[in-house]
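This report concerns only the one structure given below.
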Amino acid sequence: MSGVRTVLGDIRPADLGVCDAHDHLFLRSPRLPGQELNDVSAARAELAAFRAAGGAAVVQWTPYGMARRAADLPLLSRSTGVHVLCATGLHQAPHYAPELLGGLRGRLAEVFVRELTEGIGTSGVRAGLVKVAGGFHHLDAHARWTMTAAAEAHHATGAPVAVHLELGTGALDVLDLLCGELDVPADRVILGHLNRSPDLVVQRQAAASGCWLAFDGPSRANHATDWRMPEAVRALAEAGFGDRLLLGGDTVVREARSVDGGPGMPYLLRRVRVRLEAELGAEAVDRILVDNPARAFAVDWR
């Protein structure tokens, strides 16, 4: 029986509800000094604001070694009534100290599988997805290492593999590796940041593979990608790929949270949802926010 693995345990996919399919409650990186998401009270307030806007579930893509604070997530989920999914996985190399990466050599897939099946550290919280990352228009040795481990973890557990595309690029290279060389079914792959490289041809080619396309923003890379995003989503829906789309907020720095004056998680439902409804209609957007994530994150866990 398929289940979505939340920080409070597995739930039926139909119970997930309106879902922010890519976001962050906690995150720390040397590439973002002074902008850490590390405040439990702010995380609770952000989740509550998302709930008040009509949200029911948030998928945190923060992977291993970036201060996920997995032990804090169950209480936040219970206190706000929002389902929370937590990731295992590994981001690009510059987000980590070299000694941390060195300590994972030869056992990365084992770490991913353990966090998916047994729990993250001593928290007891099991991850519900694997998050990895590509580079700008290419896959370096680090990306190939992490994606190979992610594929092994998928084959051992059934977990979906979510991929950070740097500025939205490299989608087809990722699919060639994960689905072509490593035999991960396309419907188990979620490509993130498609809005940041509004190439409709590449997006359609990626969607045709059967993978999931996540449009998550607002973009911090180029404002023009925001106003082109509804056009891209509409084009994909009209081409028959509306059932492969996901939406998220991707709040990665403190100033982006709504409780700190930024758009934050509620923006997805206050602004993005309304804008997309003008393009697609409310029923189609409901499917993207509710039905699609229920299928994307549902797993026949092994």
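The values are calculated or read from the model by the stated rules, or taken from the named source; none is laboratory data. Since the structure is predicted, the reported quantities are computational estimates derived from the model, not experimental observations. Note that each Cβ is placed from the backbone with ideal geometry, even for glycine, and that neighbours are counted across all protein chains shown. Calculation scope for accessible area: heavy atoms of the full protein, side chains included, ligands and nucleic acids excluded. Shrake-Rupley method; radii C 1.70, N 1.55, O 1.52, S 1.80 Å.
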For segment 27-50: of the residues being touching a strand residue (DSSP E or B) at 6+ places or on another chain (Cβ under 9 Å) and free of Cβ contacts under 8 Å to residues at least 60 places away in the same chain, which is surrounded by the fewest Cβ atoms within 10 Å (Cβ to Cβ)? N38
Quickly run through segment 3-26 and pick out the residues that are over 27 Å from V259 (Cβ atoms) and in contact with a helix residue (DSSP H, G or I) (Cβ under 6 Å, 6 or more places away or on another chain). P13
How many residues of segment 112-146 are surrounded by 19 or more Cβ atoms within 10 Å (Cβ to Cβ) and within 19 Å of Q60 (Cα to Cα)? The answer is 16
Look at L90 and say whether it is aliphatic (A, V, I, L, M), under 22 Å from E152 (Cα atoms) and surrounded by fewer than 16 Cβ atoms within 10 Å (Cβ to Cβ). no
So, first residue under 20 Å from R12 (Cα atoms) in segment 74-93, second residue aromatic (F, W, Y) and open to solvent by 10 Å² or more (accessible area, probe 1.4 Å), Cβ within less than 9 Å, six or more apart or across chains; the pairs are A87/Y64
Of all residues in segment 276-302, which are open to solvent by 50 Å² or more (accessible area, probe 1.4 Å) and under 15 Å from the mean Cα position of the chain (by Cα)? R295
How about segment 197-208: which of its residues are surrounded by fewer than 23 Cβ atoms within 10 Å (Cβ to Cβ) and within 24 Å of A141 (Cα to Cα)? S197, V202
If I filter segment 113-133 for residues that are over 25 Å from V84 (Cβ atoms), outside any helix (DSSP H, G or I) and free of Cβ contacts under 8 Å to residues at least 12 places away in the same chain, do I get at least one hit? no
